[in-house]
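What follows is a single structure, written as structure tokens, with notes after it.
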Amino acid sequence: MELFWEKKEPLTSVDISEFSADRSWNGNYIHMMLRSLLKKGMIEVCGTVQCGTQYARQFVPIVTKEQYAAKLVMSKGIEKNSIAAVTVAMVNEVNKADEEGLVKQLEEIIQELKNKETKES
């Protein structure tokens, strides 16, 4: 998934193989990984492109890095009523110099959620 998030463009299995030349991934492993990510709803097919004499499917992520992190945290047994405490713990891990900007971002997110809740009511 890191490769998809980093490249920010549709990737084929050939692209993945080229971009991960420093790893020992063979073609079968890449296809197995892509099938697994498709099944889990992490990526989707967005088209096809000709690679040599064959066509290859192109894939894009449908889950952001942040959404993935949230799912991972929730899968580790964090309950919904602990989300605020987890957020505070994450903010405490941030460098003090970045804390002010982060607090401002959180305030904006809270305001957006309040506005969304008002519109839905």
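Derivation of every value follows stated rules applied to the coordinates shown; laboratory data play no part. All values derive from a computational prediction rather than experimental measurement.
Tabulated data for the structure shown
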item	result
Given Lys8/Lys119; Lys39/Lys71; Lys7/Lys65; Lys39/Lys65; Lys8/Lys65, the pairs whose alpha carbons are separated by over 21 Å	Lys8/Lys119
The stretch 78-120, Cα convex hull volume normalised per residue, Å³	60
Alpha-carbon centroids, the stretch 22-88 and the stretch 1-21: separation in whole Å	11
Those aspartates and glutamates that a straight Cα-Cα span of less than 20 Å connects to Lys80, excepting residues fewer than 8 apart in one chain	Glu66, Glu107, Glu112, Glu117
Entry for Kirkwood radius over Cα pairs in Å (calculated from the structure that is shown) out of (1) 17.6; (2) 14.5; (3) 16.9	(1)
Geometric extent, Cα atoms of the stretch 2-61 - Rg, Dmax (angstrom)	10.9, 30
